[in-house]
Structures are given as C-alpha cells and as structure tokens.
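Trainee: Here it is, the structure, as structure tokens.
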Amino acid sequence: MAYDGGMAAPHPASWLRSLPQGLYCEPGGFFVDPLRAVDRAVITHAHSDHARPGHRHVLASRETLALMRARMGEDRAGETQQVLGWGETLRVNEVELALHPAGHVLGSAQVAMTYRGNRVVVSGDYKRQPDPTCRGFEPVPCDVFVTEATFALPVFQHPPADQEIARLLASVALFPERTHVVGCYALGKCQRLIALLRQAGWDRPIYLHGALAVMCEVDIALGQRLGELPPATVAEKHALAGAIVLAPPGAVTDRWARRLADPVVAVASGWMRVRQRAKARGVELPLVISDHADWGALNATIDEVGAPDVWVTHGQEEALIHAMGTRGVKGRALRLVGYGEEEDGG
Ligand SMILES: [Zn+2]
Ligand SMILES: [Zn+2]
C-alpha cells in the first residue's frame, strides 16, 4: 500500500514523531496517548500511564471515555470528548483515523492512521489470549506497527488463564478455612479474574477491596455481568473464611490483609513468571495471568500484521528487535518515557 497516485508516499517516520509530549501525528494534528496535557489526544485505553488528565479534546472508544470519566472525573477527562466506533473511519485533517480492538482491557484500541497511502498502527497495550471482558485483538495489515514490549523476553510465556484460575480454585478446595486474597490491578485484571472465576463455575460472592469497586461498576454499567461483589472491608471475619478476596497488589501483604482468616496470598500478573519476584513480595500462590502479549504472541503478531518496519515502545526492546531482525523486519526503539509499570505492568 506504500503508493499514492504515482507519487512516492512519505515514510511514516517523517510524519509520526516522538516529541516530549508523546507520539505526534503531524498531518492529523493530534497526539496518541500523550504524556502531558495537549490540545488534541487520541487515547488507546484508560490505564493511567496512557490516559492522562487535562487534554482539551479527547477521542477514544466509548468504553475508554466512560472509564476515563469514572477515574478522573468528567471535567478532567477532556473538555470535549469524541467517540469513534469500532471499525469506523474518521478523517482528521489529512489523516484517516480508525480504532481496532486491542484485547488488553475494556475499551482498549489500536489506533490506525493512514496518510497518503501509508498506514501506521499503534497497538497501545495488547494481548492475544481471549478475555471475556473485552473485544479480542484484531490484526490490521500496516506499513509501520508500533508495538508494546512489556514481556519481550523468551522467558515470558503466559499459560492459558483458565489453567491458572483452576490452580486458584484447587488451592481454595485444599484450604477451605483460609481466605484467598488475590492481588490485581483495578482496571482490567480485576474484572477479568471475576469473569474467569464465574466461567469456571465459582458462583459464590467475590469480595472486593474498596479500591477495586469503581472500575467494576463501570463494567457493570456497560453490560458486563460479574455476579455478587460485596465489599471485603465490612465483611465479618468468619464470612471470609474460604472466600476469595480481590485487592490491589500493594494491599495483599499489608495490615489490611492480615485481618483476613489466615490468608493465602496470591497475585495475578505476568511478572509472576519470575519466581524470585513472587518470593520477594511474599506471594504464596503466584498466578501467571497477564493482560499483555507474551514473547510468542508479540512475535506472532508482528509477523501477522506484516509491517516491514516495527517501532517498539515501553519494555525490553533489544531482544525483540533482534528476533524480528532475523526474520527481515526492521525494528527501532521508540524511546518514549512514562509508560509502563505505573499500574499496568502485568
Ligand atoms: Zn502500557
Ligand atoms: Zn495498559
């Protein structure tokens, strides 16, 4: 597609640029997931390292805008907010813009920009495993693919999530008097765990730490069925024996968790693949459940979209760039600071 009416199409490196505020699409006049407040922002998803407050105009999926309003308040989620539907095309100045599902969390989108015959797709964060709480990743053929690289080392292989859920339920069956407290991030992982537990037949209440409730409410308002989710903070201690409690990762080993009945501490994250990391954090039951693509999925996706140029953002670029190089794909590290571990590193 690198052709336009007989004129050589300008390479995306000349019109999609890394500025201090973030990735800037010059012919469209907008930033993708800017790190500072800007005039026009296109947002891939509502995690706080990608969706920052205070932009003047924000374009995103309907779900992402709803999550942003819930997290940061109506007035900080963009002075004007514009929804772009899945697969719809919008002309923004000289660019054709479209959003395609990224399979990462509710509302998460890849941003496709076509300018004078060349298409760039910015993946945002993505995964290829099925997730009952969001639309599955849709590969979009392109000339430049901008990929995340959170788990871009061969050691990162994420087992099927339902296999990890089965391990959790086996532990609950083995220790019926103990509370299983599972650390998970508020947006995405929490709702995915609930949905996976329901799929696996767990129909008892799932108790929530207060910090997780708001994001679940947004999901429910958008039509997700998550079952009974009582607050863990007010529950009687005896009611929590044998129960599953979800809490932010930082809360599973603090004083809050110690009031639970002899808790089994679990954390659901791709980082749990690293055993020392689980051990150092006092995690008894590490669950390798990630909302990011693992090493195999990153490489398979790069091959599938067929872009001759791949730009790599937040994560471990070197190994991935080397691996794609052996397959004839040109890789380049996009050094954008500010994405990553903040909340979505797992
Ligand atoms: Zn991210
Ligand atoms: Zn994310």
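The values are calculated or read from the model by the stated rules, or taken from the named source; none is laboratory data. Predicted model only: the values in this text are computed from it and were never measured. Neighbour counts are summed over all protein chains in view; Cβ atoms, including those assigned to glycine, are modelled from backbone coordinates with ideal geometry.
Trainee: Identify all residues within the stretch 79-99 that are surrounded by 13 or more Cβ atoms within 10 Å (Cβ to Cβ) and β-branched (Val, Ile, Thr); write none if there are none.
Mentor: Result: Val83, Val92, Val95.
Trainee: Collect the residues in the stretch 69-94 that are touching a Lys or Arg at 6+ places or on another chain (Cβ under 9 Å) and aliphatic (A, V, I, L, M), keeping them in residue-number order.
Mentor: Matches in the stretch 69-94: Met72, Ala77, Val83, Leu84, Val92.
Trainee: Working only within the stretch 172-191, note down all residues that are of a type in the set (S, T, N, Q) and either in contact with a strand residue (DSSP E or B) (Cβ under 6 Å, 6 or more places away or on another chain) or in a loop (DSSP other than H, G, I, E, B) (or both).
Mentor: Within the stretch 172-191, just Thr179 meets the criteria.
Trainee: Can you tell me which of Ala37, Ala66, Ala70, Ala112 is outside any helix (DSSP H, G or I), out of contact with any strand residue (DSSP E or B) (no Cβ under 9 Å at 6 or more places or on another chain), at pLDDT 95 or above and away from ligand 1 (no atom under 16 Å from the Cβ)?
Mentor: Answer to the check: Ala37.
Trainee: Something else about it: Please go through the stretch 127-151 and give me each residue that is in a loop (DSSP other than H, G, I, E, B), surrounded by fewer than 24 Cβ atoms within 10 Å (Cβ to Cβ) and not charged (D, E, K, R), ordered by number.
Mentor: Selection gives Gln129, Pro130, Pro132, Thr133, Gly136, Pro139, Val140, Pro141.
Trainee: Also: Does Trp311 count as under 30 Å from Val172 (Cα atoms), within 16 Å of ligand 1 (Cβ to nearest atom) and not in a loop (DSSP other than H, G, I, E, B)?
Mentor: Judged against the criteria, Trp311 is not a match.
Trainee: Please find, among Ala257, Ala239, Ala261, Ala278, the residue that is assigned to a loop (DSSP other than H, G, I, E, B), farther than 22 Å from His50 by Cβ, more than 16 Å from ligand 2 (Cβ to nearest atom) and at pLDDT below 95.
Mentor: Ala261
Trainee: What pairs come up if the first residue lies in the stretch 40-66 and is within 9 Å of ligand 2 (Cβ to nearest atom), the second is polar (S, T, N, Q) and outside any loop (DSSP other than H, G, I, E, B), and their beta carbons are under 6 Å apart, counting only those six or more places apart or on different chains?
Mentor: Taking only residues 6 or more apart or on different chains, the pairs are His45/Thr64; Ala46/Thr64.
Trainee: Right, here's the next one. Arg52: part of a loop (DSSP other than H, G, I, E, B), closer than 26 Å to Ile289 by Cα and of a type outside the set (A, V, I, L, M), yes or no?
Mentor: Judged against the criteria, Arg52 is a match.
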